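Notes to accompany the following structure.
All of the numbers you see were taken from the coordinates with simple rules; none came from a lab. If you're wondering where the values come from, they're calculated on a predicted model, not measured in any experiment. Neighbour counts run over all protein chains shown; Cβ positions are idealised from the backbone, glycine included.
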Amino acid sequence: MVTDVLLVGARGFGAVHLRNLERLGDRVRVVALADPSGAPEDGFGADAPAFPGLAEAFAAGIRPDVVIVATPTGTHFALAALALEHGCDLYLEKPPVATMEQFEDLLALQEHSGRAVQIGFQSFGSHAFARLAELGEPTSVAAWGAWTRDAAYWTRSAWAGRRSLDGLPVVDGVVTNPLSHAVATALRLAGARRREDVALIELELYRANDIEADDTSSVRVTLSDGRIVSAALTLAAPEQSDPLIEVRTPGADVVFSYTTDRLEYPDGQVEDTGRTDLFEELLDHRDRGIALTSPLVEAGAFMTVMEAVRTAPDPILVPDAERTVLTDRPAALTTIDGVAFWAERTARAGALFSELHAPFASAPQSGRTRELRAGSSVVAVHDDGSAVARTSGPRPFLHPVRTPGGTVVTDAHPADHDWHLGASVALQHVNGVNFWGGPTYVRDQGYRWLDNAGRIRVTSFAPRDDGFDVHAEWVAPDGGVLLEETTAWHLRPSSDPRAWLFRTTTTLRAAGGPVELGSPGSNGRSGGGYGGFTWRFPTASDVDVRTPDAHGEESVHGSVSAWLAFSARFTDGEATVAVAGDDLRTRSDPWFVRVADYPGIGSALAWSAPVRLDEGEHVRLSFRGAVADGRLTDAEVVVLLGE
């Protein structure tokens, strides 16, 4: 059976359709082309009559079986409506229409006409969908993409980079046009097809270029069942790379390249799956009644994102200091420094750019903060952690912590590990819930992003002249409380004017049933038993980390001793932080130390085996410490810790 086809938009992307129609051979006949710029001068379809628009073709008596619409998004609704009114089946390029109102109206027109409408999200035809379905329902999906679009791209037409044109919506931004496949494919992989599948959309829209629309954006979609679909996308990268989607399933986390139909499995195995052409599938639907893979109604989930972008405030201009203009090419390319790194990291964390403190993003929120004093001097700030990103282990922490001379000796949300938060208490494994942040270490599988992020929620804060008392709940994703925490900090000046001293005790009590407290080490990662009291330092050089009988990262890491001292040169000057266990149980825990990868120390509660608590039982972590200017000798450390 030969299908008569009319192509609207014969130039630009329409050339892709002409090549595909040529491939289909005798199955199709191009009966007309419609384009205000005229038909291609040569190539397949060039001999068909050409009209300036679809209305003129219909007025001339052209009656195709199928209309292909490959024109700017703002023109889609009128053209699609006209095709349906004339009894044609429709292949409509993505995104289907510019607004939710148009989408609803087009659905009504389709229902009235009884015609078929296939949307051109070609990635939906990938056979990777079937392979991924064999692994089980995804727990979460993350998409990231870093493409380049130079000045010529943004000036190629009147609608390029516009949110609206002549009062009509265009929505030509990274999320809704160039990399819309990433968002739509991620939603489809999660099973989100219709509007009712989406519960919440959170957006951050930025632009590096002189355009109206967004060229760099992060999106977090919460589905009706609570699962997260995230995307971080940019057109301001210095180099273009394949956009990728990580599909996290109970069995494995698989990376899908939707432009190449390639799957990469955790063991390094690569599978090229191939795909079904969606226009050819529309022909098969007409000839044999097979179901459409990308029908109009199932674009509803994507259209909720489209509408959110359209109605969002104007994108934020990236600061000049974070932009670089490359001129070593035919057209200037405006890039955002480090944007490809931040896109991948943000998407995989299920976060927004500001939540991960990307340098180009708007100022992130902080939780409720309170200054802390040692005597009359402010030496630290307590943050209740309420604004920490869900996947970065929301919890109370101290940052910045300063020496008496003002040298900052903590870091929070560093670029290497956003979930490292100053001085705090956290654990990666609590009955399977991750209160540490970041990916979870899984025995025999390594680190995986799981939908198991917990939150340590402060329920009361009581300030004192020499510190504070905090009560908090360790809340699982389902809202259940696993642990009840009581923490006290006491801060005071030292007899040595170079230092101030602290004592801190945290009690964790099992609530609601037995609790197992674990770490990567207790789950099989050799030497990775971090969790408990932890202290993340800022960038440091000339580090001297030591205990009474060991020096250096390799020797101190995993050792058990009375105290640990970390001396280094920081941005503001040299300083020493010394910590000691303040009771017999705490002193038996090994020290966790990092210097080469990042600067940090901790006391490991569950170094190689979990700590199990029955309901009502508790474990106590108790420490004393000193924060000092300069490099202290071992003897000076002992004196200060003994005060």
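If the chain linking Ala332 and Arg368 were pulled fully straight, counting 0.36 nm for each residue of separation and taking away their Cα-Cα distance, it would gain 8.6 nm. Applying both filters, DSSP loop and at most 15 other Cβ atoms within 10 Å, to the GluC sites (Glu not before Pro) of segment 165-261 gives Glu239. For the chain, the share of DSSP beta bridges that are antiparallel, to the nearest 5, is 80%. When the Cα positions of Val425, Tyr447, Ala562 are compared along the charge dipole of the chain, Ala562 comes out farthest toward the positive end, with charges on each C-beta of Lys, Arg, Asp and Glu.
Dimensions of segment 210-307 based on its C-alpha atoms, expressed as ranges along the principal axes with the largest first, amount to 46, 41, 34 Å.
Dividing the summed helix terms, -39500 (n - 2.57) for each DSSP H run of n ≥ 4, by the number of residues in the chain produces a 222 nm estimate of -5000 deg cm²/dmol to the nearest 500.
Counting only DSSP beta bridges whose two residues both lie in segment 398-470, roughly 90 percent are antiparallel. Taking a ≥ b ≥ c as the square roots of the Cα gyration tensor eigenvalues, segment 490-566 comes out oblate, since a/c reaches at least 1.5 and a/b does not exceed b/c. Counting only DSSP beta bridges whose two residues both lie in segment 186-330, roughly 95 percent are antiparallel. Segment 28-74 and segment 142-209 have Cα centres spaced 27 Å apart.
Summarising the label geometry, the points placed 7 Å from Cα in the beta-carbon direction at Thr324 and Ser377 lie 4.0 nm from one another.
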